[in-house]
Each structure stands twice: as C-alpha cells, then as structure tokens.
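Remarks on the structure that follows.
Each reported figure results from applying straightforward, stated rules to the coordinates on display, with no laboratory input. Remember, predicted model here, so these are calculated numbers, not experimental data. Using ideal geometry, Cβ is built from the backbone for each residue, glycine included, and neighbour counts are taken over all protein chains shown.
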Amino acid sequence: MKDKYGRNIEYLRISLTDRCNLRCKYCMPEEGIHDKKTHGEIMTLEEIYEVVEICTELGVKKIRLTGGEPLTRLGVTSLVEKISKLDKVTDISMTTNAVLLKKYAKELKEAGLKRVNISLDTLNEKKYKEITRLGSIKDVFDGLEEAKKVGLLPIKINIVLIDRFNDDEIEDFVELTRNEDIQVRFIELMPIGQTADWARDYFVPNTIVLERIKELEPVEIGDKSSPARYYMLPGGKGKVGLINPISHQFCRNCNRLRLTADGKIKPCLHSDQEIDVLKTIREGGNVKEVMKSSILKKPLKHHLNDGEAIQRSMARIGG
C-alpha cells in the first residue's frame, strides 16, 4: 500500500519489549526506563502476529524484530517461525545487542530468521563497559561468531557515532570490512526521549568518516529505501554505511512503519504521532482499517534537523 506521498510501505519494524539487558547512555538512564510497562500493557506474541499478518495483506514484505533487546522476550523463536511461514514475507531479520546471540543464533536460524544487525559502539572492552554500563564485549564477539557460523548473513554492525567516545575508532571499524563480507554502519546520534540532551552534547556528523578515510569509494545498492549511503575500501569485501538522520534526511524513500511493544503504530520514528492498534485489537475493532489509516498518516518528513526531540526513548520505540 502506498502512503499519500506515493511511498510504497512494505517494511514493519516491531519492538518485542521495552526491556533491555544493557543501559547504553544514549538510549536509557542508568536506572533503566521510567514507567516500565506491565505484562498486560504490552502486546502478546499472538497479537503481534495478528498485526503482521494483516500488514502483509496490505503489502508489507519485510519484518524486523527489535527491542529493547528482543532476545530477552520469551517465545521470540516461535514468533520468528510463525512469521517466516507467511507467504508474503520475503525477509525477517533482527536487531540485537548480541549479548544472548550465541545461545539463540542456531534456533533462530532454524526458525527462519535470515540475518542480524548487531549494535556495537566500540571494539574496546573498557569503553564497552562504560557505554553500556552492564555489558561484556566478549559476549558480543561470541554472538557475532555464532551468527556467522549458523549463516545469519549478511551481518551488519551498527555503530552510533559519539563525539569524544568512539570517533577515534572509525578507522578500526572500517578496517573490519577489508577482509570480511560484513556491513559496518555509522549512525548519527539522535536526540530521543530521556537522553536527548546527552545526545546533543555528543553529536558529531558522520561525514567525519569520509574525512578520515579518504580511500572510501561510493557504491550503489539495489535497495533505494535503505537509509544508508554505502562505500567500500578499494579491494574490500564488505561495505561501510553512513546513516545520517540529522545531517541528511532520507525521508523521501522511507518505506516503514514501527510497532511499539505496547501496541502503538508510529508512522515516523522521529515524531510523537502514535496510533493505538492494541486497543483496537482488544476491543474487537477493525485492525486492517487502523493500519491503512496509519500508512496514510505517515508524514512527508521528520523535523529532527530543526532541533525537535520526541518524548519516547529509543528503547520504548524499538531500535
């Protein structure tokens, strides 16, 4: 189904939970998210599947499971298996911090998951502990290797670029793409939720990547809806992506909706506009009409570039 600006909406990102086993500084406060949702306030896996099934009838083909940390949600593998069996779904993937990935990678692959995006903002053990407040980088590396082993490919590593924290590791991350067919993607820090002020203080445009690595060459990919602009090292096997929601808008090609763990449809990540589909489900309403309406309410563009910030934290929206 197309929105009112002619964009074909075919991608649904689903937050399975607002809980996480890390406390990344740009994502949530040290004590965790405020006003945690109770079990009854979040969608059941059956309700999530109902929304997915209806969305596929409206043209959605790609599903991404996120969180919080999606692997902390009980039953995630069974949900992957059910979604993967829908005829119209061509791609089902997951964004994870990979702390639990070594444990679950094989069963996720067998259930039908195709690939993973791994959130990793530093290659340094001490700095990883600093930015996540709780994590062990060894767990991430173990999860990454297990994902390669079972074939959750291609692997994408997402790095939130943070001034005075990991901007000195740009070269190290890019070097990972020289000999391995992986995608390393630098994402600009976004002022979202309870950590918006912190994000503004540590923002750096990721054009700095091109300034630092002069040998990177632009490459075209088939997916025009991707928010990333891609580059390669000469002779490199992998790709380097730049995702610039602040310095360069990519709204004109946006093809996605987001479903939060508490059952709100967000037509745009960077807007406080939400449509309550969970209420519709539990009151026996017409879910398909709500989804159609949500698509038609998708705005032309976001306004983060104008200094706006939204109220929900990234953990509560879904990464």
**OP:** Would you kindly give the portion of the calculated P(r) for the chain that falls above 38 Å, as a percent of all Cα pairs?
**Re:** 8 percent
Original post:
Once the Cα gyration tensor of the range 61-101 is diagonalised, what are the square roots of 5 times its eigenvalues, in whole Å and ordered largest first, as equivalent ellipsoid semi-axes?
Top reply: 20, 11, 7
Original post:
Taking H as built 1.01 Å from N, whose amide H comes closer than 5 Å to the amide H of CYS268, not counting residues under 5 places away?
Top reply: none
**OP:** Take the alpha carbon atoms of the range 166-242, find their radius of gyration, then divide it by 2.2 N^0.38 Å using N residues; give the quotient.
**Re:** 1.19
Original post:
What is the local net charge at THR90, summed over the other residues whose Cβ is closer than 14 Å to its Cβ (Lys, Arg +1; Asp, Glu -1)?
Top reply: +3
**OP:** For the chain, build the charge dipole from Cβ charges (+1 Lys, Arg; -1 Asp, Glu) around the Cα centre, then report which of LEU296, VAL140, ILE208 sits farthest towards its positive end.
**Re:** LEU296
Subject >> Violating pairs (Cα-Cα greater than 31 angstrom) within the set LYS237/LYS292; LYS102/LYS214; LYS126/LYS237; LYS114/LYS266; LYS149/LYS292 >> reply: LYS237/LYS292; LYS102/LYS214; LYS149/LYS292
**OP:** Stick to Cα atoms and the Kirkwood definition of Rh, then tell me Rg/Rh for the range 1-119.
**Re:** 0.98
**OP:** For each cysteine in the chain, check whether another cysteine's C-beta sits under 4.7 Å from its C-beta; list those where none does.
**Re:** CYS20, CYS55, CYS251, CYS254, CYS268
Original post:
Based on Cβ point charges of +1 for Lys and Arg and -1 for Asp and Glu, what charge dipole magnitude is obtained for the range 1-103 about its Cα centre, in debye rounded to the nearest 20?
Top reply: 420 debye
Subject >> Set of aspartates and glutamates near LYS37 by C-alpha distance (under 19 Å), chain-local residues within fewer than 8 positions excluded >> reply: ASP18, GLU46, GLU47, GLU69, ASP262, ASP272, GLU274, ASP276
Original post:
For VAL290, VAL80, VAL174, what's the fewest-to-most ordering of other Cβ within 10 Å of each Cβ?
Top reply: VAL290, VAL174, VAL80
Original post:
So who's got an amide H within less than 5 Å of the one on LEU65, skipping anything under 5 residues away but keeping other chains? H placed 1.01 Å off N, in plane.
Top reply: ILE14, SER93, MET94, THR95
